[in-house]
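S.K.: Please read through the structure below; I'll follow up with questions.
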Amino acid sequence: MLKFLVRRLLTFVPTFLGVTAISFFFIRLIPGDPILLLAGERGVSPERYAELQTQYGFDKPLWGQYLDYIWGVFQGDLGTSFVTKKPVLDEFLTLFPATLELSLCAILLAIAIGIPAGVVAAVNRGKFFDQTLMTTALVGYSMPIFWWALLLIIVFSSGLGWTPVSGRISLMYYFPNATGFMLIDSLMSGQKGAFASAVSHLILPTIVLATIPLAVIARQTRSAMLEVLGEDYVRTARAKGLTPARVNGVHALRNALIPVTTVIGLSVGTLLAGAILTETIFSWPGVGKWMVDSIFRRDYQAVQGGLMLIAVIVMIVNLIVDLLYGLINPKIRKG
Amino acid sequence: MTEITETPATATGPAHPSPLREFWQYFSDNRGAVAGLVVFAAFFLVAVFAPLIAPYPPHEQFRDHLLQPPFWQPGGTLQFPLGTDPLGRDMLSRLIFGARYSFFIGMVVVSIASFFGVVIGVIAGFAPSWLDTLIMRLMDIVLSFPSLLLALVLVAVLGPSLMNAMIAIAVVLQPHFVRLTRAAVLSERPKDYVTAAKVAGAKPGRLMFVTVLPNCLAPIIVQAALSFSSAILDAAALGFLGMGAQPPTPEWGTMLAESREFILRAWWVVTFPGLCILFAVLAINLMGDGLRDALDPKLKRS
């Protein structure tokens, strides 16, 4: 296990360097002079230009800039946003809890519905319920979620008036940002209605973001269950006279969950990609919306930092999933 | 017993059906896959014959008919069966022309991604271990970025346009082809026919692309089908974010973005383009499932 851990960690380092290199050099490929962009429309004097160039390190050769950047990254310095003039890392960390809260709610919803649905479908293989469920899952999997979001807004926000259209909480409430998680903060504030408001803002974005992972988890659970249900130990459990609920729910599901766990871990990338669209549509103040805004504002320092941080988050989650998988399934360790 | 129903070849069992026939047998067993194929074919015909089918050119504006609802709603007429958009253009015609863009996007993206992906994958499968490691590490790096985010940044670098969006999506989808091809090549390489070809003096290029590659195609074809639908989805998402096809192109995602501010007043300008995307993607995914069942020997009920 230790060998597996070390080998896996060793592949992490070059991938990490590659990710920083890609986010660094991509941004340098963007046409246009960043200093002129920084100076705005008023233009800039040659002296000031040189000064800014030195300040941002643009006078050095490209590889020198890259080394500086990497050095900064290891010290937690991802540069300063061109637009807000705040450190990129600070901006990211302020906005990240919003994305995390939304993503966690979405993945919990996907698991809470997807796994039971997959199990029931597998147990009733080929029957009406199974077919309906799998068709629904395929529809969910094929869903353009940005359109799905608009549709839900038309029906539930503007049509029925049940949920708000955008934001994280009604402007009526104000309380300190203790944890960054609106659900927890609003509860702690003790203000009447604040928690309900936070929940109602969270419902539609959560449904939208959960749609694709939910479909994937349901499909994966079903196929993993089908595989397991044919195994000898399940037949033995049945022969012992255990109730179907116990056989399916304990003996089979436990083993079927191994591949499902992997799929859940790997859907983090999907979630973050989905967050870009979901947050943009619902004006959710998280990193997805921030990335899109930064791209449109040509705030390349922010784009570069955000791109790298998001990739690193995905990499760390994948690493954890791999390690967990190695822990559960000894066959992988040798591979 | 007036007829002999059994063929003389009973000793070896019935004659093996041709691969194509066998494939169709498995594929047509899956009703969803056949339905997907029918819808896909219908979309394809619509895309090809768009100028003949569409009642109006996609950019023609009818200034007296801004945001007219579909014909079954009060205020709608059969002149514009699915209504008009905020600029008075016929929705139906724009949707029909939109099919062209989606198919074009799917074709171009899958061609680029699969061509480079397969070539790199075969090379990685045959390469010495340092090159193999290098290639796979590079692919890992690309896969570390959420696909839509990387595509978005790539388009920002290249400049927003449909062509650049297609290139970006192809770059993002290509590592999947590399991984799949490499894995298939690695599982074929130790087989006897490969050794035989090597002993017979096949040059590396021939060995890679003529001897081994044709035996690796099944998973690649399935991946190509699934990539076709992701390409359409991602391109629509980029269009929606303003980084794909630019207005007034009647691309479905771009149409959605253009009409977003009208969702509370005119549901049809938002609903129909999305439905088209959903149906096209769903049809292709259904087909992809059928292809996998038919091509993947592990799942065949033999």
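For (1) in contact with a strand residue (DSSP E or B) (Cβ under 7 Å, 6 or more places away or on another chain); (2) modelled with pLDDT under 90; (3) open to solvent by 50 Å² or more (accessible area, probe 1.4 Å), each residue gets a yes or a no:
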{"site": "A:Gly76", "(1), (2), (3)": "no, yes, no"}
{"site": "A:Thr84", "(1), (2), (3)": "no, yes, yes"}
{"site": "A:Leu93", "(1), (2), (3)": "no, no, yes"}
{"site": "A:Thr99", "(1), (2), (3)": "no, no, no"}
{"site": "A:Leu104", "(1), (2), (3)": "no, no, yes"}
{"site": "A:Leu108", "(1), (2), (3)": "no, no, yes"}
{"site": "A:Ala117", "(1), (2), (3)": "no, no, no"}
{"site": "A:Ala121", "(1), (2), (3)": "no, no, no"}
{"site": "A:Lys127", "(1), (2), (3)": "no, yes, yes"}
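S.K.: Quick one: which helices (runs of 4 or more DSSP H) sit completely within segment A:60-165 and have at least 1 residues that are touching a helix residue (DSSP H, G or I) at 6+ places or on another chain (Cβ under 8 Å) and more than 28 Å from B:Asp234 (Cα to Cα)?
M.R.: Working: elements: A:62-74, A:88-123, A:128-141, A:145-152.
Answer list for segment A:60-165: A:62-74, A:88-123, A:128-141.
S.K.: Could you tell me which of the residues A:Lys289, A:Lys240 is under 14 Å from the mean Cα position of the chain (by Cα) and open to solvent by 10 Å² or more (accessible area, probe 1.4 Å)? Give the derivation first.
M.R.: Values: A:Lys240 fails: under 14 Å from the mean Cα position of the chain (by Cα).
Going through A:Lys289, A:Lys240 in turn, just one is under 14 Å from the mean Cα position of the chain (by Cα) and open to solvent by 10 Å² or more (accessible area, probe 1.4 Å): A:Lys289.
S.K.: Also, I was wondering about something else. Out of A:Ala252, A:Ala224, I need the residue that is in a helix (DSSP H, G or I), touching a Pro at 6+ places or on another chain (Cβ under 6 Å), in the same structural domain as A:Gly140 (by TED's automatic domain parsing) and over 20 Å from A:Val317 (Cβ atoms). Which one?
M.R.: A:Ala224
S.K.: Output the number of the condition that B:Leu256 fails; it satisfies all remaining conditions of (1) under 16 Å from B:Phe44 (Cα atoms); (2) open to solvent by less than 10 Å² (accessible area, probe 1.4 Å).
M.R.: Of the numbered conditions (1) under 16 Å from B:Phe44 (Cα atoms); (2) open to solvent by less than 10 Å² (accessible area, probe 1.4 Å), the odd one out for B:Leu256 is (1).
S.K.: Which pairs turn up if I take residues in segment A:159-176 that are in the same structural domain as A:Pro205 (by TED's automatic domain parsing) and look for partners that are part of a loop (DSSP other than H, G, I, E, B) with beta carbon separation below 6 Å, at least 6 apart in sequence or on another chain?
M.R.: Partner pairs satisfying both residue conditions: A:Ser166/A:Ser283; A:Gly167/A:Ser283; A:Tyr173/A:Gln191.
S.K.: Of all residues in segment B:134-159, which are at the interface with chain A (Cβ under 9 Å from one of its Cβ atoms), β-branched (Val, Ile, Thr) and either closer than 22 Å to B:Ile220 by Cα or open to solvent by less than 10 Å² (accessible area, probe 1.4 Å) (or both)?
M.R.: If the condition is that a residue be at the interface with chain A (Cβ under 9 Å from one of its Cβ atoms), β-branched (Val, Ile, Thr) and either closer than 22 Å to B:Ile220 by Cα or open to solvent by less than 10 Å² (accessible area, probe 1.4 Å) (or both), then B:Ile141, B:Val142, B:Val153, B:Val155 are the ones that fit.
S.K.: Checking B:Leu275 against (1) open to solvent by less than 10 Å² (accessible area, probe 1.4 Å); (2) within 30 Å of B:His59 (Cβ to Cβ), only one condition comes out false. Which one?
M.R.: (1)
S.K.: Moving on to the next point. I'd like the full set of residues that are away from chain A (no Cβ under 14 Å) and open to solvent by 10 Å² or more (accessible area, probe 1.4 Å), limited to segment B:160-171.
M.R.: Selection gives B:Leu162, B:Met163.
S.K.: Based on this model, can you work out whether A:Ala252 counts as more than 21 Å from the chain's Cα centre (by Cα), of a type in the set (A, V, I, L, M), farther than 15 Å from A:Gly114 by Cβ and open to solvent by 30 Å² or more (accessible area, probe 1.4 Å)?
M.R.: Judged against the criteria, A:Ala252 is not a match.
S.K.: Could you please find all residues in segment B:103-133 being aromatic (Phe, Trp, Tyr) and within 14 Å of another protein chain (Cβ to nearest Cβ)?
M.R.: The answer is B:Trp130, and nothing else.
The values are calculated or read from the model by the stated rules, or taken from the named source; none is laboratory data. Quantities reported herein were computed from a predicted structural model and do not represent experimental measurements. Neighbour counts are summed over all protein chains in view; Cβ atoms, including those assigned to glycine, are modelled from backbone coordinates with ideal geometry. Surface accessibility is based on the protein's heavy atoms, side chains included, excluding ligands, DNA and RNA. Shrake-Rupley method; radii C 1.70, N 1.55, O 1.52, S 1.80 Å.
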